[in-house]
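Participant: Please see the structure below; I have some questions.
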Amino acid sequence: MEKKFIYLDNNATTKVDDIVVKEMQKYFTEVYGNPSSLYDLGQEAREAIENARQRIAKILNCDASEIYFTGSGTESDNLAIKGVARRYQNKGKHIITSAIEHHAVLNTVEYLGKKEGFEYSLVKVNNDGIVDLDHLKSLIRDDTIIISIMYANNETGAIQPIEEIGKIAKEKGIYFHTDAVQAAGKLSLDVKKLNVDMMSLSGHKFHAPKGVGILYKRNGINPIPLFHGGHHEKNLRPSTENVPYIMGIAKALEIAYDELEEHKEKIYKLKMMLKEGIEKNIEGVISNTPENSVFNTLNYSFKGIEGESILFSLNDFGIGVSTGSACTSGSLEPSHVIMAMGRDHAICHSSIRFSLSKYNTEDEIKYTIEKLKEVIERIRKISPYKQ
């Protein structure tokens, strides 16, 4: 096989699609006006943004006026949760989220608790990593104002029962936000069917650039802005709009859903090949990915081995994987997601995430299985940990 880097960490970020790059180029060098300017060059940029907003709204089954552009999924999460909590705190100061959320949500909720007098409760998950709906219902209080539960988990790929949670929230008159960053390009984003009030997306998870995100916000909800300084995005998100990146995220989302069935079939086949290869060829593995998971993600713990040892050893063979969320890769703490599923510390420290994309091939998966088996056997021979 031709020597190249085999990238299996697409939940961390994705390669920007060549078609997306081409779509963006015009807005760097030709339609480069400030969208707030009244002359033709600015208004052409404004028209492009509004066209992108309409195209995204079609995919989300919402009104274009409900789509807002941000700088990242993290910003969208913060704007939704902090903005709504602060705006409507007279109705209540209790927030519900889950133990397996991305830190963009967990740290936001924790901040509101420590600094602004809010209270929060964490919904537990079952051993398959899916939230316990009965426990969620038991946490709801008269002063619960927001529920924020992710759509698909970034580490295990577990799909959460968002539609059911949305119904529960709606019945209780509670605002419902979902971090759908890992669901984009993999699952339906129909906000009406999902019963969500707010949804966060991030471009670099579906072959758009880093540095651009989307917040869907149902009309009638009015978060307090995080920033102040201008009228942009209908006074919700001040800052001159990043026109090339907005055009990129719109194009990437269109490609993802135009080609969803084709890529789903291909990537799922590769996922099953990897799953079978790991489970047939390597002893002492524990799957952390449930059957009800997105089609590109697998997470395994390898007994008796530190996950970082596997990661660095695979890197030596030109294979890129992750020990969990890229945002916490500098931490020596065990995965909070795997811990929440009831695994012990040793198992949590030994987890590896494989996340595939449309650019992966069967040859890459075969090579990965071969080298993973070699790496595991070698490390176990020298590991001080007992299996």
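The values are calculated or read from the model by the stated rules, or taken from the named source; none is laboratory data. Computed from a predicted model, the values in this text were never measured in an experiment. Cβ placement follows ideal geometry from the backbone for every residue including glycine, while neighbour counts extend to all protein chains displayed. Heads up: the accessible areas ignore ligands, DNA and RNA and are worked out on the full protein's heavy atoms, side chains in. Shrake-Rupley method; radii C 1.70, N 1.55, O 1.52, S 1.80 Å.
Participant: Grab the strands (runs of 3 or more DSSP E) fully contained in region 50-125, keeping just those with 1 or more residues being acidic (D, E) and surrounded by fewer than 19 Cβ atoms within 10 Å (Cβ to Cβ).
Facilitator: The strands (runs of 3 or more DSSP E) meeting that bar are 119-123.
Participant: Just one of A104, A85, A80 is of a type outside the set (S, T, Y) and under 22 Å from E155 (Cα atoms); which is it?
Facilitator: Only one candidate passes the filter, namely A104.
Participant: Scan region 215-225 for residues that are of a type outside the set (S, T, Y) and crowded, with 16+ Cβ neighbours inside 10 Å and jot them down.
Facilitator: L215, K217, R218, I221, P223, P225
Participant: The conditions are (1) in a loop (DSSP other than H, G, I, E, B); (2) touching a residue at least 24 places away in the same chain (Cβ under 8 Å); (3) at positive phi, and I224 fails exactly one of them. Which is it?
Facilitator: If we test I224 against (1) in a loop (DSSP other than H, G, I, E, B); (2) touching a residue at least 24 places away in the same chain (Cβ under 8 Å); (3) at positive phi, just (3) comes out false.
Participant: Could you go through region 321-343 and let me know if any residue there is among the polar types (S, T, N, Q), closer than 23 Å to K371 by Cα and either modelled with pLDDT of 95 or more or not in a loop (DSSP other than H, G, I, E, B) (or both).
Facilitator: Scanning region 321-343, I find at least one residue that is among the polar types (S, T, N, Q), closer than 23 Å to K371 by Cα and either modelled with pLDDT of 95 or more or not in a loop (DSSP other than H, G, I, E, B) (or both), so the answer is yes.
Participant: Taking K280 as meeting all but one of (1) touching a strand residue (DSSP E or B) at 6+ places or on another chain (Cβ under 7 Å); (2) modelled with pLDDT of 95 or more, write down the number of the exception.
Facilitator: Against the list (1) touching a strand residue (DSSP E or B) at 6+ places or on another chain (Cβ under 7 Å); (2) modelled with pLDDT of 95 or more, K280 comes up short only on (1).
Participant: For K193, all conditions in the list (1) on the phi > 0 side of the Ramachandran plot; (2) of a type outside the set (D, E); (3) surrounded by fewer than 17 Cβ atoms within 10 Å (Cβ to Cβ) hold save one; what is the number of the exception?
Facilitator: (1)
Participant: Now a separate question. Is region 265-280 home to any residue that is part of a loop (DSSP other than H, G, I, E, B), open to solvent by less than 10 Å² (accessible area, probe 1.4 Å) and touching a helix residue (DSSP H, G or I) at 6+ places or on another chain (Cβ under 7 Å)?
Facilitator: no
Participant: Among K186, K210, K205, K167, which is at pLDDT 95 or above, open to solvent by 30 Å² or more (accessible area, probe 1.4 Å) and within 28 Å of I286 (Cβ to Cβ)?
Facilitator: The match here is K205.
Participant: Further question on the same structure: Could you please find all residues in region 3-45 being more than 30 Å from N299 (Cα to Cα), open to solvent by 100 Å² or more (accessible area, probe 1.4 Å) and part of a loop (DSSP other than H, G, I, E, B)?
Facilitator: Matches in region 3-45: E30, Y32, L38, Y39.
Participant: Restricting to region 189-205, and then to whatever is hydrophobic (A, V, I, L, M, F, W, C) and outside any strand (DSSP E or B), can you tell me which residue is nearest to the chain's Cα centre (by Cα)?
Facilitator: Checked region 189-205; the qualifying residue nearest to the chain's Cα centre (by Cα) is L189.
Participant: Could you please tell me which pairs satisfy a Cβ distance under 7 Å, a separation of 6+ or placement on different chains, a first residue in region 168-197 that is without any contact (Cβ under 8 Å) to a residue 60 or more places away in the chain, and a second residue that is buried (at least 22 other Cβ atoms within 10 Å of the Cβ) and part of a loop (DSSP other than H, G, I, E, B)?
Facilitator: So the pair list comes out as F176/V196; F176/D197; T178/I149; T178/M150; T178/Y151; T178/V196; A180/Y151; A180/L189.
Participant: So which residues in region 140-167 are more than 15 Å from D128 (Cβ to Cβ), charged (D, E, K, R) and part of a loop (DSSP other than H, G, I, E, B)?
Facilitator: The answer is R141, D142, D143.
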